[in-house]
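The values are calculated or read from the model by the stated rules, or taken from the named source; none is laboratory data. Just so we're clear, the structure is a prediction, and the values are computed from it rather than from any experiment. Methodologically, a virtual Cβ is constructed for each residue, glycine included, from the backbone with ideal geometry; neighbour enumeration extends over all protein chains shown. When the accessible area is computed, the model is the full protein with side chains, heavy atoms only, and any ligands, DNA or RNA have been set aside. Shrake-Rupley method; radii C 1.70, N 1.55, O 1.52, S 1.80 Å.
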Amino acid sequence: MDQAVAYAREQDGRFLAELIEFLRIPSVSTAPERGGDVARAAAWIAGHLERLGFRSRVEPTDLHPIVRADWLGAPGRPTVLCYGHYDVQPPDPLDLWNSPPFEPTVEQGALYARGASDDKGQLFTHVKAVEAILRTAGSLPVNVKFLLEGEEEIGSPSLATYVPRHRRALAADAALVSDGALFAPGLPTLTTGLRGLLYAEIEVSGARCDLHSGQYGGAAPNALGALAQILAALKDRQGRIRIPGYYGRVRPPDDAERSAWARLPFDEVAFCNVIGVAVAPGEEAYPILERLWARPTLDVHGIAGGFAGIGMKTVIPSRATAKVSMRLVPDQRPERIFKQLERFVRRQAPPGVRVEVRHLASTPPVVVSPDAPAVRAAARSLEAVFGVPPVYTRSGGSIPVVSAFDRSLKISTVMMGFGLPDDNLHAPNEKFALVNFRQGIEAAIRFFHEFGG
Ligand code: BES
Ligand code: MN
Ligand code: MN
């Protein structure tokens, strides 16, 4: 193991150069015109694993390919399922990047590129960890199966059916996911829960077509106004969601978890400074970390309709749409919440308009026990790398496949992320600190040994 760690340190420059090559491929999963690039990224990483001695295949789906690569040369030893996603978020707004998003640039100890932290850089830590062990010891202390997808950023629609249909091929003793962040720089962190997500689109239609607001205003339905009323009705001024039954199945964190969160180095003023606001709005009765990790939310992402160009146009829009999503917590069920949302939205619709609520994606929340053997092994590995034991946090974000690992494969997932809270995920100037890339590789090397026994 020490040899593998030493090898990783020696090969550091080449590892970085390879990651840069991977990041050059603009594998934006939501952009139809990028389909070829997403496929190219899949082929790139599958070929890379093949050359390391894995049996790799690129499996087509209705959308973007799934990459599977196995090394099963440790019979009798446990099997680790390493998951990551090679798709990335769109890079826009482009003008806010200091260097082009698909021309990776190293500056002040960090690699800047779309996907550097989320998730190409982090999934590559697993790949380089197996390389370091194979090149020094000749074999791995565990069996390793890679499952890499190109649809995570759009809700993993293909994997949702793929996992239950490939239970045997994916069978493992634990999953390893590095697609998250340390709670603070230098503080090793294991994530024990993810929020779920329900993403929907609300469409309001009014008159047959747009109307002159002088000719018809006062006696015609305004689709955009109606949509605004509906959206405004969803939450009260205290940030509480007004959908009946919405909080019915919310399971509060237990006392041990609550007190552990209270001990984390968290400063509300610093938090406000990071996001650039004077106060953090939301449910005042709950501490911020609990709001972020264990309370459900509702956010409006975008509203379209009417006239928003330069100048003016006196028009009554006949159609308007909004994208909204809700982060869900145990034990909320996305299907049920969607029905509640639909009913509530329809009831709020003012006279003269029709409302449609479309379901775009959903994924259930998930929690993992910190006592699972794989999570304990991960804790020992992190302590060896960082010199201090890890903290246990949840994450407010979602990774759809983790609940499928729990439900379909019946395995625990080690969520060991190496990003930082200010990595600018999904935003301009996404970065991954080089020190985190190295620590991620070393932690994975140690984890495979710890879990291998
Ligand atoms: N890696 C993120 C999730 C994440 C973010 C975990 C921050 C931990 C800390 C992931 O790539 C992501 O963005 N997921 C989407 C999923 C959605 C499209 C279903 C999300 O959370 O919005
Ligand atoms: Mn991710
Ligand atoms: Mn993401």
Does the stretch 352-371 contain at least one residue that is away from ligand 2 (no atom under 16 Å from the Cβ), touching a Ser or Thr at 6+ places or on another chain (Cβ under 8 Å), part of a loop (DSSP other than H, G, I, E, B) and closer than 21 Å to residue 151 by Cα?
yes
Restricting to helices (runs of 4 or more DSSP H) lying wholly in the stretch 157-220: which have 2 or more residues that are within 16 Å of the chain's Cα centre (by Cα)?
157-165
Selection within the stretch 399-448 - out of contact with any helix residue (DSSP H, G or I) (no Cβ under 6 Å at 6 or more places or on another chain) and either among the polar types (S, T, N, Q) or modelled with pLDDT under 95 (or both):
403, 421, 422, 424, 429, 436
Which one of 121, 218 is over 22 Å from residue 76 (Cα atoms) and either buried (at least 17 other Cβ atoms within 10 Å of the Cβ) or among the β-branched types (Val, Ile, Thr) (or both)?
121
Taking the options 311, 302, 306, name whichever one is assigned by TED's automatic domain parsing to the domain that holds residue 220, over 30 Å from residue 341 (Cβ atoms) and of a type outside the set (A, V, I, L, M, F, W, C).
311
Those residues of the stretch 102-123 which are part of a loop (DSSP other than H, G, I, E, B) and within 16 Å of ligand 1 (Cβ to nearest atom) amount to 113, 114, 115, 116, 117, 118, 119
Among the candidates 193, 186, 180, which residue alone is open to solvent by 40 Å² or more (accessible area, probe 1.4 Å) and within 23 Å of residue 370 (Cβ to Cβ)?
186
Consider residue 364 carefully, then state whether it is more than 16 Å from ligand 3 (Cβ to nearest atom) and open to solvent by 20 Å² or more (accessible area, probe 1.4 Å).
yes
Return a yes/no flag: does the stretch 200-223 have any residue that is in contact with a helix residue (DSSP H, G or I) (Cβ under 8 Å, 6 or more places away or on another chain) and within 16 Å of ligand 1 (Cβ to nearest atom).
yes
I'm trying to understand the selection: among the residues of the stretch 196-210, which are closer than 15 Å to residue 365 by Cβ and open to solvent by 10 Å² or more (accessible area, probe 1.4 Å)?
197, 199
Step by step: first the residues of the stretch 65-97, then only those that are more than 23 Å from residue 406 (Cβ to Cβ) and buried (at least 18 other Cβ atoms within 10 Å of the Cβ), then the one that is farthest from ligand 2 (Cβ to nearest atom). Which residue is that?
71
In the list 384, 378, which residue meets the criterion of being assigned to a helix (DSSP H, G or I) and surrounded by 23 or more Cβ atoms within 10 Å (Cβ to Cβ)?
378
